[in-house]
Amino acid sequence: MISGLRGHTALFGGTFNPPHRGHLRAVKGLLENPGVRRVKVVPSFGTPLKETGVPYAHRLAMARIAFEGLAEVDGVEGEHRIEFTWQLLETLKNRGEPLAFVAGSDQLESLPRWKRFPEVLGQCDWIILGRKPGGLDRAERAAAVLAAGGILTRTESPGIYHTPEKATHLHLCETDAPELSSTRIREFLALNQKESVGELLPPGVLDYIERNKLYGT
């Protein structure tokens, strides 16, 4: 457990298209390591680097079904029509709680393409989840590239970096969350192969998908 994050709320974003058990395991893992105070799930309203296909209202509803009893699902992106992470962090900064934005190793690699990079790193703390096998090494390599460019500075604690002003920190954490693919799940659903996705989706999500005829069902 990383003591510096015990009082933080982790912002776990994503398209959740649809939400699956890998997402649930990641949230449970955040509560264990690094041991944040709580996790807030924030479905993306619009993602410039990824086409969602399914309307935001459906993805928000599925997330609320999937994470019930585990994490709060916040509709802030839809309320404010947020498209970029910096806008989300700017919107939430005055809610009176320390925040840590959660991203994967692949997102850390693509971070230089994000709007308002590198300023976005200074808006809150960051948690980078590295999936097994090799995800933590991948995250370390990406962080090392940013450090070589002067964007981050390595601290004395393994896997922890800070911005040059030392205002925020970036923590590399390993996760046991399985590498599930929402794209593959959508393909199974479009082919009416529901038996292939039943155990991949949280309870109630498949029922919602079928009731609303999503993904070609």
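The values are calculated or read from the model by the stated rules, or taken from the named source; none is laboratory data. Since this is a predicted model, take the numbers as computed values, not measurements. So basically every Cβ, Gly included, is an ideal-geometry build from the backbone, and we count neighbours across all protein chains shown.
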Assess whether residue 25 counts as being of a type outside the set (Gly, Ala, Ser), surrounded by fewer than 17 Cβ atoms within 10 Å (Cβ to Cβ) and at pLDDT 95 or above.
-> yes
Lone unmet requirement of (1) at pLDDT 95 or above; (2) more than 19 Å from residue 30 (Cβ to Cβ); (3) crowded, with 18+ Cβ neighbours inside 10 Å for residue 197 = (1)
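Tell me which residues, restricted to the range 51-63, are charged (D, E, K, R) and surrounded by fewer than 19 Cβ atoms within 10 Å (Cβ to Cβ). Give the derivation first.
Of all residues in the range 51-63, those charged (D, E, K, R) come to 51, 59.
Selection gives 51 alone.
Within the range 135-157, work out how many residues are more than 22 Å from the chain's Cα centre (by Cα) and either buried (at least 18 other Cβ atoms within 10 Å of the Cβ) or farther than 12 Å from residue 169 by Cα (or both). Full working, then the answer.
First, the residues of the range 135-157 that are more than 22 Å from the chain's Cα centre (by Cα): 147-150, 153-157.
Now drop any that are not either buried (at least 18 other Cβ atoms within 10 Å of the Cβ) or farther than 12 Å from residue 169 by Cα (or both), which leaves 147-150, 156.
Qualifying residue count for the region: 5.
Which is touching a Leu at 6+ places or on another chain (Cβ under 7 Å), under 22 Å from residue 132 (Cα atoms) and either acidic (Asp, Glu) or in contact (Cβ under 8 Å) with a residue 40 or more places away in the chain (or both), of 34, 19? Can you show your working first?
Details: 19 fails: touching a Leu at 6+ places or on another chain (Cβ under 7 Å).
Residue meeting the stated conditions: 34.
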What tally of residues in the range 147-196 results from selecting those that are among the hydrophobic types (A, V, I, L, M, F, W, C) and either without any contact (Cβ under 8 Å) to a residue 40 or more places away in the chain or farther than 16 Å from residue 135 by Cα (or both)?
-> 10
Looking only at the range 163-194, which residues are crowded, with 19+ Cβ neighbours inside 10 Å and among the basic types (Lys, Arg)?
-> 186
Could you tell me whether the range 103-119 includes any residue that is among the basic types (Lys, Arg), farther than 24 Å from residue 18 by Cβ and loosely packed, with under 13 Cβ neighbours inside 10 Å?
-> yes
